[in-house]
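K.L.:
Let me begin by handing over the structure; questions about it come next.
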Amino acid sequence: MADRPRAVPARDHGQRYGSAELKKIVVMSSAQVGKSEIINNTIGYYIDVDPGPLLLVQPTIEIAEDYSKRRIAPMIRDTEVLAQKVADSKTRDTNNTILMKVFPGGFLAIGGANSPAGLASRPIRVLLCDEVDRYPASAGSEGDPIALAEKRTITFWNRKKIFVSTPTVKGASRIEQEYEMGTQEKWCIQCPNCREFHPIVLRDIRFDHEIHEAGNRKIYQVHDVWWRCPSCFHEGDEYTMKRQPAKWIADNPVAIENGVRSFWLNAFVSPWFSWREIVQQFLESKDDPEQFKVFTNTVLGETWEDRGEQMEEDVLLKRREEYPADLPDGVLLLTAGVDTQDDRLEYEIVGWGHGHESWGIEYGVIVGRPDDPQTLQQLDDVLNRVYRFADGKGLKVACTCIDSGGHYTTEIYKYAKRNEHRRVLAVKGQGGPGIPLIHRLTRKNKENALVVILGVDDGKSRIYSALRVQEPGPKYCHFPDDESRGYDRYYFQGLLSEKLVARKKNGVTRYVWEKISTSARNEALDARNYALAAKEILNPNYDALEQRLKGAEEASKPTAPKSKAAAIKRLVKKSNVW
Ligand SMILES: [Zn+2]
């Protein structure tokens, strides 16, 4: 890693596990963060300190030769301890050629993934695989080059495998598969304000820029770039953030039991890349899918998802419309969905009308821990508000589903229990195909709160199919173009953050929802899913709601509509919820 004055080294795993237990190290990253230096330093270490048979694999034999001449040879030449141990290949010493460096106690073989000869001969203790996403599917006719090379390491109890690459296409990316099998550690920087640690990702980058038209070309001029903390919204500049304490945080720490540590980092933490350059590249590539793919892989260090059928956020951004008041005509019912995070709540208020046409009314973030009474008080303010039509009539939120997964289940159960009279329900998402959105209701918990088990995949399918409806009318989704309501680019990125993909497990192909990119945030999608669930639970009779609203003095109290499932009715009656 780069020199970082006050960086906090992540020693946690190292202390518990000696280096011999660590079998595999995976680095998935952008270009120019020092990946080659990891490989070179590892080679240097083994030649000098712990010699043995080493194999370095590059995507092709030509790249292997080039790498040897440009990167390995100068390192050996310029490092005294290495120069003493490895003879120069120009001396015609047959032990030392471009693809073979012999030293006391071992050797370094350098091979190409396209050439089985170099991969399948002698046993190897240390295997280094560079740019694995550029390997061919088969080394000649011998099959997977990585499997071939890995086979050679099995006789060594103290074997080490190091896989390094910039990722490519999601689903087909070898480095991503290896990354997912490991500890999934991200380089996280501490926010100077709230002290939370976050990876620096494009979503949290804000910038000022100008666009000049020059013929058909757009010239972008980036003035200022800064980072906004997703926990507290504090803003920090590049100079400050690159000097903050930082550490690796693992998403999948249990993988250490299998001896696999995997790491992810991007150009935002590279000392050789300025944030302004990154934003410049983002702006210049964003409108061209091919260029944007390269940017995503090599600068963001993320796999590229060919969205295929998935919509682009630009389409939805352009579709936004002006609402004449809080509530446009057509809205007959309001529901809310609340996504619970450790440091904030994200909520959406959604309006519903005939044919389940929907209107995004407000998307917001309440910063604060869910166990802090102030956080929930602010949520009360949102849920108790009367949202008004242009004619002054108003509606309140008729039903709210609040996420109780995560670390604050008890607090959310208590909150839901306290607010049952205004139909605040705790929900717990359950992934997997074939589970209906409203799956089960239960009161089996210490708080005796009514908890709805949601088939979240069903909800996601319904949301995405509704978003594809092009004409206002049944199922169409409206969004306001007033950004103070929260429907900006980041909102739509969140709403479109997942995709249904085919995954093979134990020989069976299943469709599962996955995030489009490593750094995508799906709170907006979850909040919409919960608001949809709240509407489903009410099973509104829109005609009755419309009658009520027309004649209504009591407009701020929408009708309690009939519940669809008998089971819900019974439970509701028994518990006297409504
Ligand atoms: Zn912060």
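The values are calculated or read from the model by the stated rules, or taken from the named source; none is laboratory data. Just so it is clear, the structure is predicted and the values come from calculations on it, not from any experiment. Heads up, the Cβs are rebuilt from the backbone with ideal geometry, glycines too, and the neighbour counts pull from every protein chain shown.
K.L.:
Being among the β-branched types (Val, Ile, Thr), part of a strand (DSSP E or B) and within 16 Å of the ligand (Cβ to nearest atom) narrows it down to one residue among ILE189, ILE219; which is it? I'd like the intermediate steps shown before the answer.
P.N.:
On the way: ILE219 fails: within 16 Å of the ligand (Cβ to nearest atom).
One residue alone meets the criteria, ILE189.
K.L.:
Given the conditions (1) modelled with pLDDT of 90 or more; (2) surrounded by 19 or more Cβ atoms within 10 Å (Cβ to Cβ); (3) within 25 Å of the chain's Cα centre (by Cα), which single one is not true for GLU498?
P.N.:
Here GLU498 meets the rest and fails (1).
K.L.:
State the number of residues belonging to region 222-232 that are within 16 Å of the ligand (Cβ to nearest atom), assigned to a strand (DSSP E or B) and not hydrophobic (A, V, I, L, M, F, W, C). Walk me through how you get there before you give the answer.
P.N.:
So the first thing to find is which residues in region 222-232 are within 16 Å of the ligand (Cβ to nearest atom), and the list is 226-232.
Okay, now just the ones that are also assigned to a strand (DSSP E or B), so 226-228.
Within this subset, residues satisfying the condition of being not hydrophobic (A, V, I, L, M, F, W, C) are 228.
Within region 222-232, residues that are within 16 Å of the ligand (Cβ to nearest atom), assigned to a strand (DSSP E or B) and not hydrophobic (A, V, I, L, M, F, W, C) number 1.
K.L.:
Moving to a separate point now. Only one of GLY171, GLY143, GLY118 is within 30 Å of LEU495 (Cβ to Cβ) and either more than 16 Å from the ligand (Cβ to nearest atom) or out of contact with any Cys (no Cβ under 7 Å at 6 or more places or on another chain) (or both); which?
P.N.:
Numbers: GLY143 fails: within 30 Å of LEU495 (Cβ to Cβ); GLY118 fails: within 30 Å of LEU495 (Cβ to Cβ).
None of the other options fit; the residue is GLY171.
K.L.:
Quick check on region 108-149: of everything there that is surrounded by fewer than 18 Cβ atoms within 10 Å (Cβ to Cβ) and under 30 Å from the mean Cα position of the chain (by Cα), which residue is nearest to LEU22 (Cα to Cα)? First the steps, then the outcome.
P.N.:
Start the filter on region 108-149 by keeping residues that are surrounded by fewer than 18 Cβ atoms within 10 Å (Cβ to Cβ), which leaves 117, 120-123, 134, 136-138, 140-144, 147.
Okay, now just the ones that are also under 30 Å from the mean Cα position of the chain (by Cα), so 134, 136-137, 144, 147.
Details: ARG134: 25, PRO136: 27, ALA137: 27, ASP144: 23, ALA147: 19 Å.
Out of the qualifying residues, it is ALA147.
K.L.:
Would you check which residues across region 201-216 are more than 16 Å from the ligand (Cβ to nearest atom) and outside any loop (DSSP other than H, G, I, E, B) and list them? Walk me through how you get there before you give the answer.
P.N.:
Taking region 201-216 and keeping what is more than 16 Å from the ligand (Cβ to nearest atom), we get 202, 207-216.
Passing the criteria: LEU202, PHE207, ASP208, HIS209, GLU210, ILE211, HIS212, GLU213, ALA214.
K.L.:
Turning to a different aspect of this structure: List every residue pair whose Cβ atoms sit under 8 Å apart, with the two residues 6 or more apart in sequence or on different chains, where the first one lies in region 187-198 and is farther than 22 Å from SER262 by Cβ and the second, anywhere, is more than 8 Å from the ligand (Cβ to nearest atom) and among the β-branched types (Val, Ile, Thr).
P.N.:
Sorted first by the residue in region 187-198, then by its partner, the pairs are PRO192/THR240.
K.L.:
Go through region 450-496 and count every residue that is hydrophobic (A, V, I, L, M, F, W, C), over 19 Å from TYR363 (Cα atoms) and assigned to a strand (DSSP E or B).
P.N.:
Filtering region 450-496 down to residues hydrophobic (A, V, I, L, M, F, W, C) leaves 450-454, 456, 463, 466-467, 469, 477, 479, 492, 495-496.
Imposing the further condition that a residue be over 19 Å from TYR363 (Cα atoms) reduces the set to 450-454, 456, 469.
Filter again for assigned to a strand (DSSP E or B), leaving 451-454.
The number of residues fulfilling the criteria is 4.
K.L.:
Residues in region 371-383: is at least one part of a helix (DSSP H, G or I) and of a type in the set (Ser, Thr, Tyr)? Quick ask: steps written out before the conclusion?
P.N.:
Taking region 371-383 as the starting set, the residues that turn out to be part of a helix (DSSP H, G or I) are 373-383.
After this cut, where a residue has to be of a type in the set (Ser, Thr, Tyr) as well, the list is 375.
Taking every residue of region 371-383 in turn, at least one turns out to be part of a helix (DSSP H, G or I) and of a type in the set (Ser, Thr, Tyr).
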